[in-house]
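One structure is given here, and the rest of the page talks about it.
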Amino acid sequence: MKSIDVMIAGRSFPLKVTQEEESLVLQVTDEINEKVRNLQNIYLQKDKQDCLSMALLTYAMESAKLKRELTGIEELRELSDQIESSILRIIV
């Protein structure tokens, strides 16, 4: 494990990550900070904490949509397997 500090919305957070995780954590940190900056430019009256919360909501929604899509893909895969099994039983 490696100790790193990441800065999100002006606050420092110490993290312990593996060597493999480090670049991804830094990339995601950059994306979060960019999202917060964009939201601050759009919503001038909101403070950083509000923009950080909105960025978090954005990422949570994206994650939920991906999970839903993956679940749908898995269900399609299971249906495909069932159809294939049924076809094989008919043929044999």
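Quick notes
- Relative contact order for the chain, counting Cα pairs under 8 Å that sit 6 or more residues apart, in percent: 17
- Here the range 1-59 is described by how far its Cα atoms reach on the three principal axes: 40, 17, 15 Å, from widest to narrowest.
- Rolling a 1.4 angstrom probe over the protein heavy atoms with all chains in place gives the range 1-85 an accessible area of 80 Å² per residue.
- Estimated from helical segments only, the mean residue ellipticity of the chain at 222 nm is -27000 deg cm²/dmol, where each DSSP H run of four or more residues counts as -39500 (n - 2.57).
The values are calculated or read from the model by the stated rules, or taken from the named source; none is laboratory data. Here the structure is a predicted model, which means the values were calculated and not measured. With ligands, DNA and RNA removed, areas are computed over all heavy atoms of the protein, side chains included. Shrake-Rupley method; radii C 1.70, N 1.55, O 1.52, S 1.80 Å.
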